1. What residues from the range 318-337 fall in the zone where the backbone N is under 18 Å from a label point 7 Å along the Cα-to-C-beta line of GLU280?
2. Share of the range 125-237's accessible area from carbon and sulfur, percent, 1.4 Å?
3. Would you mind calculating the relative contact order of the range 264-418 from Cα pairs under 8 angstrom and at least 6 residues apart, reporting the percent as a whole number?
4. Once the convex hull of the alpha carbons of the range 384-504 is built, what does its volume come to per residue, in cubic angstrom?
5. Return the equivalent ellipsoid semi-axes of the range 251-304 as a descending list in whole Å, where each equals the square root of 5 times an eigenvalue of the C-alpha gyration tensor.
6. What is the spin-label model distance, in nm, from PHE93 to ASP106 if the labels are put 7 Å beyond Cα along the C-beta direction?
7. Based on the Cα gyration tensor of the range 330-423, what are the three equivalent ellipsoid semi-axes, each the root of five times an eigenvalue, rounded to whole Å and given largest first?
8. Ranked from highest to lowest mean number of other Cβ atoms within 10 Å per residue, what is the order of the peptides 175-182, 93-100, 160-167?
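The values are calculated or read from the model by the stated rules, or taken from the named source; none is laboratory data. All figures in this text were calculated on a predicted structure; none of them were measured in a lab. Cβ atoms come from the backbone with ideal geometry, glycine included; neighbour counts cover every protein chain shown. Areas reflect the complete protein model, heavy atoms only, side chains present, ligands, DNA and RNA absent. Shrake-Rupley method; radii C 1.70, N 1.55, O 1.52, S 1.80 Å.
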Amino acid sequence: MPGLVSVKTPPEAPPLRITFPDENHNQMRPNTERSEPVNPKTPSPAPRRPPSPSPSASRAKPSPDRSSGKKKSPEIPVVADESSLDNPDLGPFLLKLARDTIASGDGPAKALDYALRASKSFERCAVANEPSLDLAMSLHVVAAIYCSLGRLEEAIPVLERAIRVPDVSSGADHALAAFSGYMQLGDAHSMLGQLDRSIECYKEGLKIQIEALGDTDPRVAETCRYLAEAYVQSMQFDEAENLCKRTLEIHRVHSLPASLEEAADRRLMALICDAKGDYESALEHLVLSSMSMIANGQDAEVAAIDVSIGNIYLSLSRFDEAVFSYQKALTVFKSSKGDNHSLVASVFVRLADLYYKTGKLRESRSYCENALRIYAKPVPGTTVEEIASGMTEISAIYESFNEPDEALKLLQKAMKLLEDKPGQQSIIAGIEARMGVMFYMVGRYQEAWSSFQSAVSELRASGERKSAFFGVVLNQMGLACVQLFKIDEAAELFEEAREILEQECGPCHQDTLGAYANLAAIYDALGRVEDAIEILDYVLKLREEKLGTSNPEFDEEKKRLAELLKEAGRSRNKKAKSLENLIDSNTKRTRKEALRKWSAFGFRS
């Protein structure tokens, strides 16, 4: 069975490497060079930091190149006559040429030409009504080269055609071809930021793999973890947790105690528990993962886990233990990577956040400046994603310093670094949402609206239109619309935000209650007093039954409801109350306090 290739190569990655497993390779392994899930330790609920919580030593590695050195691929004459493609020997020859061209570094354009002609030859020579695995393989190669050239939109229809070629019921070879096609297609969608489509492809691939290998095979565990990471990226943490538990169970059966596979699983599980607020469980998984890494002599990985442990201690307000964990990691990174490595900068950022939270503002600012110096002159090998992530986190600290202009500059730099990178749409949307919040804070409402609109568009395109974060962004964009007197648009945004937050967070969550209150105010401003009364009455009942009446917002909303009920007894033609008196009734203290109440972003203010 011919091997199938990986697609997850950024378009700018030099040089292109597409490898082919041995002809008798019959294992079903997922393509594992996909984007890593983001870390939820950023100060906002925006998409998290890129570094993966679960780098797995068990992931499939690319096969070594068949040729050593720069061997020039053999020249062949251009096929001018399409009829020559009917030769059954031409397809394998052209495909070999494509492989040799890539291996020799001659360039992907020539390899693409060979692969396209090979697929045409295989298609012409295929037996009627019989699936051709050679055709499937050649289409996968074509798609992989398209992806490496950044032509993702052209790769997707090729892969969609490729997954229709094999007949899964015809044996393991066909199942492998279909599985590889679905995983490759999922990666292509992921690189375009289409996370929902990506996840659907991975699920189909997993289903085929389970049917072919059984549900306890170690290779199934790898695909489960792969899919779990995709769920983490789309912030569907319950689904990710179920898959991660399944992966752990399989590895307990097939791996030795304290294996690297189990360590990777536990790091991912810790990330999921952290995102769900279960810090004690996250800490337990990280400690067990660290012990496994120590047993396997993985010092660099131990240091990375120490940073994650420090993050958990920080979330638990165990500051001394957090400092100890960060300093341990910092010592290892400096000795192994150098003082100016991006990993050193990332620890500086975590220490800056910690010292801000403990009131040591001078130390916090010093660590921010040290990290920015490293990001300004990155060492070779530093990715733009690492720099953008660090700048985004530092901007949150400057926002806490009440320096929104400096924070905005850093976010704009991060945006510029990521704007041409595939698969970064969710992260860009999170940055744009943060910028929108800060524009709102300083009264630049038109710019805030523009940032929120761009973020909403990115999130809709990437498949996050049903996430809690998306609901929060809609709610905040509605507030910007109110300030610009776009009342009808604000009503639509609040209605959509309420629907999403009800489903994702529940009716009693603070974000949902904020959306209810905003919607009631807008309805009142539009003259829909009965609708406003209905919503406020519902909110008050929720607070009384579920949350208690001690919250100061309860008295405030009760007073607003009494005013509306009084008004409802008058003429219905009475002029609606102004927005300033309604939605901004709580903003007369300061804009910052209003943002804390209404935005539901979780950003510091």
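1. Flagged as within label range: 318-319.
2. Details: 1740 of 3780 Å².
Answer for the range 125-237: carbon and sulfur cover 46 percent of the accessible area.
3. On the way: 184 pairs, mean separation 21.4, N = 155.
Relative contact order of the range 264-418: 14 percent.
4. Details: hull volume 11.6 nm³, N = 121.
So the per-residue Cα hull volume is 96 Å³.
5. Numbers: eigenvalues 72, 36, 12 Å².
Working through the eigenvalues yields semi-axes of 19, 13, 8 Å.
6. 1.4
7. Numbers: eigenvalues 83, 73, 16 Å².
Semi-axes, largest first: 20, 19, 9 Å.
8. Details: 175-182: 27.1, 93-100: 21.2, 160-167: 19.5.
Top to bottom by mean Cβ count within 10 Å: 175-182, 93-100, 160-167.
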